[in-house]
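I have placed the structure first, in the form of structure tokens, so that the comments after it can refer back to it.
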Amino acid sequence: VQSHPLAQGVTANTISLLLGHPDPSTLFTPEFQEAVQRVLTSPQPYQALQYGAEQGAPALIDYLVEKFNREQATSLSRDRVMAVAGSTHAVDMIARLYANAGEAVIVEAPSYVDALHVFRDHGVELYSAAIDEQGLVPEALEQILRRLHRDNRPPRFLYTIPNFHNPTGVTLSAARRVEILRLAQQYQLMVVEDDVYRDLAFDGPVPASLLALAGDVPVLHIGSFSKTLAPGLRLGWLIGSRESIQRFVQCGTTEMGGGASPFTAQIVAEYCHLGHWEAHIAHLCDLYRARRDMMLAALQQHMPDRVQWTKPAGGFFIWVTLPENVQARGVKAEALRRGVLVAAGEGYFVNPAEGEHNLRLTYSFAPPENIERGVRVLGEIIERQAKATHA
Ligand SMILES: Cc1ncc(COP(=O)(O)O)c(C=O)c1O
């Protein structure tokens, strides 16, 4: 049997409930090819290959401003938006320009593993606040804020993923958004809102973004084309105050880099202005909603008692909580032997022990027939391990 690499480390013989990647079949569409062709056959195709504007390709910025204002009833001006080379690039710039090594940054427990990695690269001190089914818990945040202020270590910012959170899939409620902004106001806390899953809303729209609700609280809002178009483009955006965007646009790497990914930005701008992106997002929501439903049904059918899981209204992830006598690491290792890839919870926490009994499952990448099979294998493993340690 020939094994086709579907993504790094994944062959046709493995079931990946691990990767937070889009379904491979959604990436190379005729509409995207049309946009590439239009850029390559435009009157001055070399322009797309030259160093670009520091803020990002103007046609892309125009589109992003129009879409954000239309959807969120805001009136952002163009100078509040810039293109970035994927949202992780934005996280890295924010850490570099807004926090020094040894300073405090607050994240969620759990949080996106690569953002934690970036923050650690910058040597910041991480503190984490709990989340539950309604997202970040304001009381947990306030407790940390109080402690850090008492110790004269005001945190440089809060990093939060309000919609279809990675890794848990939960969404921050509207009431908590207001409460968290109130705390940010009170404690003069900058909020970094990583909103890369916002458009993948399966069950109706999500609440207004923290940026749209912010008033005069400083919020940096991050978006990406990775989950709703293609991660290989390495293209996203950053929205903030005029002053903060100016600071990012004028920093060394942006100035010398000639703006983020100018060539792909031209193609994506063309694709968006043709109306293809929003149509594609609607298609993705239908596709991933069916996958989500399939995974939830499989969990219901195959998981033993005492296993719990979140029920996301969008995005890519379900967060599973195992019985206390079952270690996620052991389940992951046994699943790997049986060809099923999953993530154990430890890596998502500042304090890894908090994730000992959690698994993150993704339904975005595996073909439908594999989702049911993968969950069935996990159910068998968990059941056996729960009984073995009980005995
Ligand atoms: C919360 C979150 N932010 C950012 C990213 C990465 O996005 P990008 O490809 O735009 O760097 C991911 C991908 O898994 C994510 O889950």
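The values are calculated or read from the model by the stated rules, or taken from the named source; none is laboratory data. For clarity, every value in this text was computed on a predicted model and none was experimentally measured. Quick reminder, even Gly has a Cβ in these numbers, built from the backbone with ideal geometry, and neighbours come from all protein chains shown. Ligands, DNA and RNA are stripped out before the accessible areas are found, and what is left, the full protein with its side chains, is counted by its heavy atoms. Shrake-Rupley method; radii C 1.70, N 1.55, O 1.52, S 1.80 Å.
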Query raised in the report: Within segment 35-50, can one find any residue that is open to solvent by less than 50 Å² (accessible area, probe 1.4 Å) and within 23 Å of Val350 (Cβ to Cβ)?
Result: no
Query raised in the report: Hey, any hits in segment 107-114 for a residue that's open to solvent by 10 Å² or more (accessible area, probe 1.4 Å), more than 28 Å from Pro138 (Cβ to Cβ) and either of a type outside the set (A, V, I, L, M, F, W, C) or away from the ligand (no atom under 11 Å from the Cβ) (or both)?
Result: no
Report summary line: Going through segment 369-382 in order, the residues found to be open to solvent by 80 Å² or more (accessible area, probe 1.4 Å) and either touching a strand residue (DSSP E or B) at 6+ places or on another chain (Cβ under 8 Å) or farther than 9 Å from His302 by Cβ (or both) are Glu369, Arg373
Query raised in the report: Looking at this structure, is Ala265 touching a strand residue (DSSP E or B) at 6+ places or on another chain (Cβ under 6 Å), open to solvent by less than 30 Å² (accessible area, probe 1.4 Å) and modelled with pLDDT under 95?
Result: no
Query raised in the report: How many residues, within segment 347-383, are more than 18 Å from the chain's Cα centre (by Cα), part of a helix (DSSP H, G or I) and over 27 Å from Asp293 (Cβ atoms)?
Result: 3
Query raised in the report: Which of the residues belonging to segment 346-377 are farther than 21 Å from His117 by Cβ, among the acidic types (Asp, Glu) and modelled with pLDDT of 95 or more?
Result: Glu372
Report summary line: Only one of (1) under 15 Å from Ile267 (Cα atoms); (2) of a type outside the set (Asp, Glu); (3) in a loop (DSSP other than H, G, I, E, B) does not apply to Leu19, and that is (1)
Query raised in the report: Under 9 Å by Cβ, and 6 or more places apart or on different chains, what pairs join a residue from segment 226-237 that is farther than 13 Å from Leu284 by Cα and open to solvent by less than 10 Å² (accessible area, probe 1.4 Å) with one that is among the hydroxyl-bearing types (Ser, Thr, Tyr) and more than 7 Å from the ligand (Cβ to nearest atom)?
Result: Leu235/Ser261; Leu235/Thr264
**Report entry** segment 133-154: number of residues that are under 17 Å from Asn351 (Cβ atoms) and either within 16 Å of the ligand (Cβ to nearest atom) or open to solvent by 10 Å² or more (accessible area, probe 1.4 Å) (or both)
**Finding:** 6
Report summary line: Residues of segment 91-105 being more than 16 Å from the ligand (Cβ to nearest atom), of a type in the set (A, V, I, L, M, F, W, C) and either without any contact (Cβ under 8 Å) to a residue 40 or more places away in the chain or surrounded by 24 or more Cβ atoms within 10 Å (Cβ to Cβ) (or both), in sequence order, are Ala101
Query raised in the report: Of the numbered conditions (1) modelled with pLDDT of 95 or more; (2) crowded, with 17+ Cβ neighbours inside 10 Å; (3) not in a helix (DSSP H, G or I), Lys311 satisfies every one except a single condition; which is it?
Result: (2)
Query raised in the report: Is there a residue in segment 176-197 that is among the small types (Gly, Ala, Ser) and open to solvent by 10 Å² or more (accessible area, probe 1.4 Å)?
Result: no
